[in-house]
Amino acid sequence: MAGEMNNTNTFRTNSATINTPHGDKLIYPFGPPIFQSEVHTNFVADLLKEGKKLTIEKDDWRHRLAGQMKYGGSYIYDKDFTSKSEKYLLNYVERFLTQLTDSFGDGVVNRLLKKDPVGVDSEPEYGKLVLDTIWINYQHKHDFNPIHTHTGKLSFVIFCEVPKEIFEEQAVSNTKNAGEIIFHYGEHFELTGQQFPVTPYKNLLFIFPANLQHTVPPFWVDAERISVSGNFVAV
């Protein structure tokens, strides 16, 4: 059920990209790579359907997140749905890591999967990635995510509902970025950029290093932007 890229909806970027045989993109806007693809509409439908079953009494996840979700909310999926989603999402992770290995050798992936040594003279051991947590975000007017990182090795975000009107109303500012997601990396130097802003759309997927800083600005209209995020850990 893996999705195929919708070339009519891909965002424009001047960042270096590598196209995979599946139509994904491996994006290098700065140091860490970002994997861009699209998930199948049926998977998004499953995420939304399961998300409607979650309640603030049992599944509230706001206290574990940096997100300032005052008017919307964040809810964690249960273990059964996490396990069900893992196999599908690992398909994209494998495509990401395979393209990294093909393009740059296996050293970068080995570093990602390398376990902490148990002794000074111990041989290196490598683990595998498993889906640790997955949660759904309902962002409403004035909600936002400050600059933050995640735990684990790799993180992802899937955009499930993205009303176009959230991009049309902008604050009086020199950074008109309502409703976007912005990745951050590096120090400030002349003639360099430290931000990679993206205007998302439904079914869009990003996979990125968990410690890559990113932020989600607020928007200014009465609407609901729904996304799903999660973290992979090495075991």
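One chain, two ends: Leu48 and Ile18. Fully extended at 0.36 nm per residue, the span grows by 7.7 nm beyond their Cα-Cα distance. For the range 23-73, the relative contact order works out to 19 percent when only alpha carbon pairs closer than 8 Å and six or more residues apart are counted. Pull up the cross-link candidates among the lysines for Lys84, meaning alpha carbon to alpha carbon under 28 Å and not fewer than 8 places away within one chain. The qualifying lysines are Lys25, Lys49, Lys52, Lys53, Lys58, Lys114, Lys115, Lys128, Lys153, Lys202. For the range 164-212, carbon and sulfur atoms together expose 51% of the accessible surface, with a 1.4 angstrom probe and every protein chain in place. Within the chain, which is the longest segment containing none of the GluC sites (Glu not before Pro) that sit in a DSSP loop and have at most 10 other Cβ atoms within 10 Å? Longest site-free region, per DSSP loop and neighbour criteria: 1-186. Summing charges over all other residues whose Cβ lies under 13 Å from the Cβ of Ile166, with Lys and Arg as +1 and Asp and Glu as -1, gives -3. Of all segments of the chain bounded by trypsin sites (Lys or Arg not before Pro) found in a DSSP loop with no more than 13 other C-beta atoms within 10 Å, the longest spans 177-235. Think of a 1.4 Å ball rolled over the protein heavy atoms: the chain then has 55 Å² of accessible area per residue.
The values are calculated or read from the model by the stated rules, or taken from the named source; none is laboratory data. Note that the structure is a prediction, hence the values are computed from the model and not measured. A quick note on method: Cβ atoms are made from the backbone with ideal geometry, for glycine too, and the neighbour counts reach across all protein chains shown. Each accessible area value is taken on the protein alone, full model and side chains, heavy atoms only, with ligands, DNA and RNA left out. Shrake-Rupley method; radii C 1.70, N 1.55, O 1.52, S 1.80 Å.
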